[in-house]
Structures are given as C-alpha cells and as structure tokens.
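A.B. asks: One structure coming up, written as structure tokens, with questions to follow.
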C-alpha cells in the first residue's frame, strides 16, 4: 500500500514527517513488515497505547530474552539483569515502587532550584565560543549542558564526566538501533559493565560520606532496606546518567534548527523572552528528540480496527502523534505561542519522562540565552545528516554562525 | 479544623502518570481515560494533596483554599 515503508530509508531518516503523515492518514495502525511490528501514528491511539500499561507492556528485556539463544542469554546476562531494572523497561509494581522513590528529585519544583546553576553553565559554555562567530552546536554546547547538569545533580565528579559519558554512549547502542552494528549488544554490555564498576566505589563513598546529591539520596533509600536493593540502586544510577544525556542534546539541536528555519518565530522569542516556556513545548512537539517508543502487547487485543496478537511489538510514533491534525491546528506550523500544547514528546502515562522537568528547564535556559546573546544566529551552509535510528531524532553535527 | 481545598486538574497537561493517585489515593483516582480525577478533596490530609501536586511531572494539579481562594500550588511564577 505504501510505496516506501521503511523507517530507516534515507529520506525518512532525513525527514520522517511526510512518511508519518501518510501512515497517519492511510493506515494509522500499520503492520510494518520490514521492522516486524505495528506502527501507531494517530494521537488518540498513541495515547491509548501509552496509557494502557495493562494491555501494552514496556518490558523490553522480556521480549529480548525470547529472541536470544540460550548461549546469548548467558553471554548477555549482566545486561539483561540490569536493564530489566531500568525504569523505562519495567511495568508495575516494580516501576511504581522505584519511580515513586526518585520522582521527588525530578518534580518541576525540585528541579527549579537548579535553574541558577543551569543558567550559569549555559553562560559559561556560550562565553567560550562567543568570540569565534561560529560553532558546531552539538559538540560545543548541546552535548555538554545536559552532561554537566545531570553529573552534578547525581554526584559524578567533573573530572569523570567525559569518561562516564563515553560509557553511557556505549551502553545506549542497544537502544538506538543502528542497523549496521552487529556487535551492538556486546558493546552495550561492556559499556554497562564499566558504568557499574564506576558507580560501585562512588556508592561506597556516599555511604560513609553523605553529600547533597542524588547518589546519596538513593544510597539512603537502599539503606532503609525494603525500598531499593543494591542492584536496583546501581541500575537506577546507570539509567539516570544515560537518560540525562543524549535526548536533551537532541532537543536543543532540533529546537535550534526549527527556530532558525522559522525566522519570525526566532525573532518573536528574541523580542519576548517570556515566551520561552511555550516555545520549548512547541519545539518538543514540532521536532522532538524521540521519534517513537516501544511497547509489547500483553494479550490479544484490538487497536484502530486491527487485531493485535499477544507478544506483538508496537511502535508508538510520538513524532506522528505530535503532528496529528485531529489534535493540533496547523500541526506542521511552528507556533511558539501555541497553548495548550498537549504534545507527547515526553511520552504519556506512567512512563512519562522522569527527567522532563529538568529537560524543559535546560532547554528554556539555553534558548533564552541563545536568543539574547546571538540574536542573529543562523545555520551554516552545510548539509545536515541524522543518525540512522528508529527511536532518536539525532543530528550528527550542527554548524551555526553569528 | 482542616481547611477545605479546591483541587483542579488541567486535562491538557495531565498525562496519567499516576503519581497523584499513588500519593493521595483517597483524593485522586484514574478515570476511564486514565487521567486523574478528584473523587474527594477531603479524602487525605492536605499535606498529601500538596505532595501529590508537587509530585506531578506536568504541573497539572492546582490547589487552593476553597474559602479564601488562596493559591496553595503551584507557587507563583511556576504555573
């Protein structure tokens, strides 16, 4: 039915929105043969899949384990053991217990106290490049901001940040499916192993010398016994460091592209800094960092008139839902004053991004500072290339000038 | 005597995280859309209601003193 039905086709990777729009109009719950799962593209259906955790599981490891041979299971046992304790891949009741435990640290009012420090980091990073007149936005800015913020919040010392970031990137290989990497599971496990070995002594240290950081808070939860086991504590440290990295980088980069390509909106923000909150929401909706998120059907069920079988894999296409004209007026227009803006860029339901309030805060401070300090910023005349992944909307480089 | 609270939910923001339902289970409940709904503003102590409002990742819960109209959550500048 569809001429081109490939999530990883070059033109879809470069600009997925026309493909998403066609699916959404022609076959909103679509069996994609190549990927082997259902693509869900209408807002209402995406929200249903993400809200209904009893019908649609987030347990990625359960399905991975089924795909693996017994030998592979043995070889990847560390990865399976820890990833199956990562909040994003778990269902209630485990998810409920751990989420409630760390939710307090990530509420909008809790992260608000980080705003002055975030502003300072943004300012320092921009000051370093200001005299140059150009930068590679991802490497010079968007990459550093979230790493510094989550590292400080968690309690990773500055001198270890780069190394931890590298291991975190290795760990992430299994998720951001890059089709051309046959050994990505092994590399992912090695990255995770490094992270675990790194966090052990930090945890040990915080037990003896508590500090005002998240590791200490988690250690104290572990020490109360019934709240968090040692493995769960380690798993949670690794998921927080990982989740605090790449997605925020991509939010900043995609957001800057969107704003500079819609000059009127950039000028509107520049002249009205108080619009920064709705502006960030609109950037999330318009071209957010996560194109889609996975679920697995727990029972035979029906969605959008299609029969879904137990075990079927589902891709809730956030980027398609966010442009659904049934939900948003003129969805392909960037309008930084759009309110309300019930986008699903952070997901929906019980797995709504834990770090959303922190990502929002970082993006608000970044775009505020960029629009005030570099009012004439523009994209350099270079081709833009995106990583070939199903999940992440991630530029390889982004050159800008001012 | 405990003051009476007026609790409102912004359905454009509520994503059904369930945090409020878990924090103050006698005040909040999932409706059939799996969004939050207020079943009884007096069901749990005020402290838990405010903790639920604080815990909401979407700042979707608004709490005020029903008699004086005083805003108790969110704090000014954060809504």
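Yes/no per residue for (1) over 16 Å from the mean Cα position of the chain (by Cα); (2) within 26 Å of residue A:153 (Cβ to Cβ):
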{"residue": "A:240", "(1), (2)": "no, yes"}
{"residue": "A:244", "(1), (2)": "no, yes"}
{"residue": "A:247", "(1), (2)": "no, yes"}
{"residue": "A:251", "(1), (2)": "no, yes"}
{"residue": "A:257", "(1), (2)": "yes, no"}
{"residue": "A:265", "(1), (2)": "yes, no"}
{"residue": "A:273", "(1), (2)": "yes, yes"}
{"residue": "A:276", "(1), (2)": "yes, yes"}
{"residue": "A:280", "(1), (2)": "no, yes"}
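A.B. asks: Search the stretch A:97-124 for residues that are at positive phi and more than 12 Å from chain B (Cβ to nearest Cβ) and pair each with any residue that is part of a helix (DSSP H, G or I) and at pLDDT 90 or above when their beta-carbon atoms are under 8 Å apart and the residues are at least 6 apart or on different chains.
C.D. replies: Once the first residue is at positive phi and more than 12 Å from chain B (Cβ to nearest Cβ) and sits in the stretch A:97-124, no partner that is part of a helix (DSSP H, G or I) and at pLDDT 90 or above comes close enough.
A.B. asks: Of everything in the stretch A:314-352 that's within 11 Å of chain B (Cβ to nearest Cβ) and out of contact with any helix residue (DSSP H, G or I) (no Cβ under 7 Å at 6 or more places or on another chain), which residue is nearest to residue B:55 (Cα to Cα)?
C.D. replies: Only one residue tops the list, namely A:352.
A.B. asks: For the stretch B:6-28, name all the residues that are out of contact with any helix residue (DSSP H, G or I) (no Cβ under 6 Å at 6 or more places or on another chain) and part of a strand (DSSP E or B).
C.D. replies: Of everything in the stretch B:6-28, those that are out of contact with any helix residue (DSSP H, G or I) (no Cβ under 6 Å at 6 or more places or on another chain) and part of a strand (DSSP E or B) turn out to be B:6, B:7, B:8, B:9.
A.B. asks: How do the pairs read when you match residues in the stretch B:37-66 that are at positive phi with residues anywhere that are surrounded by fewer than 18 Cβ atoms within 10 Å (Cβ to Cβ) and in a helix (DSSP H, G or I), using Cβ under 9 Å and keeping only pairs 6 or more apart or on different chains?
C.D. replies: Final answer for the pair search is B:59/A:109.
A.B. asks: Continuing with this model, one more query. Buried (at least 22 other Cβ atoms within 10 Å of the Cβ) and over 16 Å from residue A:52 (Cβ atoms): which single residue out of A:334, A:370 fits that description?
C.D. replies: Values: A:334 fails: buried (at least 22 other Cβ atoms within 10 Å of the Cβ).
The unique qualifying residue is A:370.
A.B. asks: Might you let me know whether the stretch A:136-148 holds any residue that is more than 18 Å from the chain's Cα centre (by Cα) and under 20 Å from residue A:364 (Cβ atoms)?
C.D. replies: Yes, the conditions are met somewhere in the stretch A:136-148.
A.B. asks: Could you tell me which of the residues A:140, A:212 is at pLDDT 95 or above and not in a strand (DSSP E or B)? Spell out how you get there, then give the answer.
C.D. replies: Working: A:212 fails: at pLDDT 95 or above.
Among A:140, A:212, only A:140 is at pLDDT 95 or above and not in a strand (DSSP E or B).
A.B. asks: I'd like to know if the stretch A:99-119 contains one or more residues that are farther than 30 Å from residue A:170 by Cβ and surrounded by 18 or more Cβ atoms within 10 Å (Cβ to Cβ).
C.D. replies: Yes, the stretch A:99-119 contains at least one residue that is farther than 30 Å from residue A:170 by Cβ and surrounded by 18 or more Cβ atoms within 10 Å (Cβ to Cβ).
A.B. asks: Right, here's the next one. Which ones in the stretch A:57-78 are under 20 Å from the mean Cα position of the chain (by Cα) and either more than 14 Å from chain B (Cβ to nearest Cβ) or under 18 Å from residue A:168 (Cα atoms) (or both)? Give the steps one after another, and end with the answer.
C.D. replies: Going residue by residue through the stretch A:57-78, those that are under 20 Å from the mean Cα position of the chain (by Cα) are A:57-61.
Selection gives A:57, A:59, A:60, A:61.
A.B. asks: Which one is surrounded by the fewest Cβ atoms within 10 Å (Cβ to Cβ) among residues in the stretch B:38-70 that are in a strand (DSSP E or B) and away from every other protein chain (no Cβ under 14 Å)?
C.D. replies: Of all residues in the stretch B:38-70, those in a strand (DSSP E or B) come to B:38, B:61-65.
Within this subset, residues satisfying the condition of being away from every other protein chain (no Cβ under 14 Å) are B:38, B:64-65.
On the way: B:38: 19, B:64: 16, B:65: 14.
That would be B:65.
A.B. asks: Step by step: first the residues of the stretch A:57-71, then only those that are in contact with a helix residue (DSSP H, G or I) (Cβ under 8 Å, 6 or more places away or on another chain) and modelled with pLDDT of 90 or more, then the one that is farthest from residue A:231 (Cα to Cα). Which residue is that? Walk me through it before giving the result.
C.D. replies: Let us first name the residues in the stretch A:57-71 that are in contact with a helix residue (DSSP H, G or I) (Cβ under 8 Å, 6 or more places away or on another chain), namely A:58-61, A:64-65.
Filter once more, keeping what is modelled with pLDDT of 90 or more: A:58-59.
Working: A:58: 20, A:59: 18 Å.
Ranking the candidates gives A:58 first.
A.B. asks: Next question, about the same structure. Does at least one position in the stretch A:296-306 carry a residue that is within 30 Å of residue A:399 (Cα to Cα) and away from every other protein chain (no Cβ under 14 Å)?
C.D. replies: First, pick out the residues of the stretch A:296-306 that are within 30 Å of residue A:399 (Cα to Cα): none.
Within the stretch A:296-306 (the criterion being within 30 Å of residue A:399 (Cα to Cα) and away from every other protein chain (no Cβ under 14 Å)), the answer is no, since none of the residues qualifies.
A.B. asks: Exactly one of these conditions fails for residue A:50: (1) under 21 Å from residue A:215 (Cβ atoms); (2) in contact (Cβ under 8 Å) with a residue 24 or more places away in the chain. Give me its number.
C.D. replies: Condition (1) is where residue A:50 drops out.
A.B. asks: Next question. Filter the stretch B:22-37 down to the residues that are farther than 19 Å from residue B:11 by Cβ and away from every other protein chain (no Cβ under 14 Å) and list them by number.
C.D. replies: B:26
A.B. asks: What is the number of the single condition among (1) within 14 Å of chain B (Cβ to nearest Cβ); (2) modelled with pLDDT of 95 or more; (3) surrounded by fewer than 20 Cβ atoms within 10 Å (Cβ to Cβ) that residue A:54 does not meet?
C.D. replies: Here residue A:54 meets the rest and fails (2).
The values are calculated or read from the model by the stated rules, or taken from the named source; none is laboratory data. None of these values were measured; they are calculated from a predicted model. Don't worry about glycine lacking a Cβ; one is built from the backbone with ideal geometry, like all the others, and counts go over all protein chains shown.
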